[in-house]
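The values are calculated or read from the model by the stated rules, or taken from the named source; none is laboratory data. Since the model is a prediction, treat every value here as computed from it, not as a measurement. As a convention, Cβ positions derive from the backbone with ideal geometry for all residues, glycine included, and neighbour counts pool all protein chains shown. Side chains are part of the model used for accessible areas, which takes the heavy atoms of the whole protein and leaves out ligands, DNA and RNA. Shrake-Rupley method; radii C 1.70, N 1.55, O 1.52, S 1.80 Å.
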Amino acid sequence: MEQFLHYVWKHRLFALEPQQTTDGKTIEIIDPGLQNTHAGPDFFNAKIKIGGVLWVGNVEIHQQASDWFRHRHHQDPAYDSVILHVASQIDAVPTRTNGELIPQMELHHPSYLASNYEQLLKEDRYPACYELIPRLSAFFLHSWLSNLQIERFEAKTGQIQKRLEACNRDWEHAFFITLARNFGFGVNADTFELWAKSVPLGAVNKHRDNLFQIEAFFFGQAGLLQELPVDAYTENMIKEYQYLKHKFELTPSSECHWRFLRMRPGNFPHIRIAQLACLYYRSQGLLSRLMETETLKQVRDLLRGGTSEYWLTHYTFGETSPSHPKTLSNTSIDLLIINTVIPFLYAYGKHKANETLCQRAGKFLEELKPENNNIIRMWQECGVKALHAGDAQALIQLKKNYCDLKKCLYCRIGYEYLKRKNE
């Protein structure tokens, strides 16, 4: 409830009647201040007139006034700058470290605000605000989704920055790790990322003109060559990896725990790694080439991929199957564009201060169809239809970063829900 009180204070949702301190002085709240999400007072640089005198300083908010002492603020000099203490229940008088009394105000707000907030927290259906959504204007929803799309861009940019730091600012290597992760298509995503970090791209590049050797690097580092040879291909692959392992002092990843259960053969790690090896073989400087593309068709053509001849008749080592090209489906390619290419366009555009790349990222999202998954279908049932992939990304951001975390107080739809008077 303390977060709720912060919300009421920040958005000035308290009662409209003139405010007073607990000792009868008039209060005029000119600026509630900037909310602090770290240690220290809850709001910085508030501007408040108390008894006609303008004060500029910090505000601390508690559900009960006695929380000031329970949290030991009276012993912390960081709270000596508090010019007003706000509480919904007054049961104590706060003091600074020198014993000086701090002006205090009892926070009153319309009862329906707290009632609506409790309903959001207790609601079992998803999302909690489902009743309100059909009444919201298309303009309101579009505005909120646009902001959520930018939020998702920024979040993915943050993930890319972390990978860059781990790769000594090597954009191509960070791109390879991100692409590999998304080749896991959810089930094996974490394992693919661990595997990609173990692949020595500097060594692989010395043999980039030989697809078989690239496959040896990839499968060997994935820990998939530990079995006895089952055919000529795997026997030669094991010998090749042993040679490369000795030459480059390689250590296969011991953390790769590949999952196969309830998975279609086309999604087996063997096939995905073979596709990545083929893509790496024929697309040198892939990131640079993708940054130069101007149409989705060009991007799709670069990612189309395929495999070496052995994998036309295999899904795993040794077990033959009817001959079938193992190319990525259009849906899989579009997912790779959404989760890999577009975030890198945006992140690299920001890095280079190249607005064209950032705009192209948004343009591609609006040209792509929305994903068809449980989250998008859930929102559609509530009356929010994703018109393109940008909307879908925004709705995924809304579900994962607001609804799942019950952060209704930070959501624009939650704000509208809170303001509803009981009907």
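Filtering the range 63-82 to residues that are in contact with a strand residue (DSSP E or B) (Cβ under 6 Å, 6 or more places away or on another chain), in contact (Cβ under 8 Å) with a residue 24 or more places away in the chain and surrounded by fewer than 19 Cβ atoms within 10 Å (Cβ to Cβ) leaves Q63, Q64, S81. Taken together, G57, G51 contain a single residue that is open to solvent by 20 Å² or more (accessible area, probe 1.4 Å) and of a type in the set (G, A, S), which is G51. The numbered conditions (1) assigned to a loop (DSSP other than H, G, I, E, B); (2) free of Cβ contacts under 8 Å to residues at least 24 places away in the same chain; (3) open to solvent by less than 50 Å² (accessible area, probe 1.4 Å) are all true for H38 except (3).
Based on what the data block shows, is A386 of a type in the set (G, A, S), without any contact (Cβ under 8 Å) to a residue 24 or more places away in the chain and under 19 Å from A155 (Cβ atoms)? Walk me through it before giving the result.
Numbers: of a type in the set (G, A, S): yes; without any contact (Cβ under 8 Å) to a residue 24 or more places away in the chain: yes; under 19 Å from A155 (Cβ atoms): yes.
Answer is yes for this residue.
Condition test on G202, is it over 17 Å from the mean Cα position of the chain (by Cα), closer than 24 Å to S283 by Cβ and not β-branched (V, I, T)? Considered against the rule, which asks whether it is over 17 Å from the mean Cα position of the chain (by Cα), closer than 24 Å to S283 by Cβ and not β-branched (V, I, T), G202 comes out as yes. Please tell me if L225 is part of a loop (DSSP other than H, G, I, E, B), modelled with pLDDT under 95, over 16 Å from L179 (Cα atoms) and open to solvent by less than 20 Å² (accessible area, probe 1.4 Å). Criteria met by L225. When only residues in the range 177-220 that are closer than 19 Å to I333 by Cβ and among the aromatic types (F, W, Y) count, which is surrounded by the most Cβ atoms within 10 Å (Cβ to Cβ)? Of everything passing the filter in the range 177-220, F183 is surrounded by the most Cβ atoms within 10 Å (Cβ to Cβ). Output yes when any residue across the range 407-416 is open to solvent by 40 Å² or more (accessible area, probe 1.4 Å), within 26 Å of L121 (Cα to Cα) and not in a helix (DSSP H, G or I), and no when none is. Yes; the residues of the range 407-416 include at least one that is open to solvent by 40 Å² or more (accessible area, probe 1.4 Å), within 26 Å of L121 (Cα to Cα) and not in a helix (DSSP H, G or I). Taking the listed residues E60, E28, the one that is more than 11 Å from L84 (Cα to Cα), in a strand (DSSP E or B) and touching a strand residue (DSSP E or B) at 6+ places or on another chain (Cβ under 7 Å) is E28, with no other qualifying. Looking at H142, H108, just one residue is open to solvent by 70 Å² or more (accessible area, probe 1.4 Å), out of contact with any helix residue (DSSP H, G or I) (no Cβ under 8 Å at 6 or more places or on another chain), in contact (Cβ under 8 Å) with a residue 60 or more places away in the chain and under 30 Å from R420 (Cα atoms), and that residue is H108. Only one of the numbered conditions (1) in a strand (DSSP E or B); (2) open to solvent by 20 Å² or more (accessible area, probe 1.4 Å); (3) not β-branched (V, I, T) is not met by D124, and that is (1). Please tell me if F192 is in a helix (DSSP H, G or I) and touching a Gly at 6+ places or on another chain (Cβ under 7 Å). Answer is yes for this residue. Within the range 253-264, identify whether any single residue is among the small types (G, A, S), within 29 Å of the chain's Cα centre (by Cα) and part of a helix (DSSP H, G or I), and answer yes or no. No, that holds for no residue.
Table: residues versus (1) surrounded by 18 or more Cβ atoms within 10 Å (Cβ to Cβ); (2) aliphatic (A, V, I, L, M); (3) under 19 Å from I396 (Cα atoms); (4) out of contact with any helix residue (DSSP H, G or I) (no Cβ under 8 Å at 6 or more places or on another chain).
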position: S137; (1), (2), (3), (4): no, no, no, yes
position: K156; (1), (2), (3), (4): yes, no, yes, no
position: L164; (1), (2), (3), (4): yes, yes, no, no
position: F175; (1), (2), (3), (4): yes, no, no, no
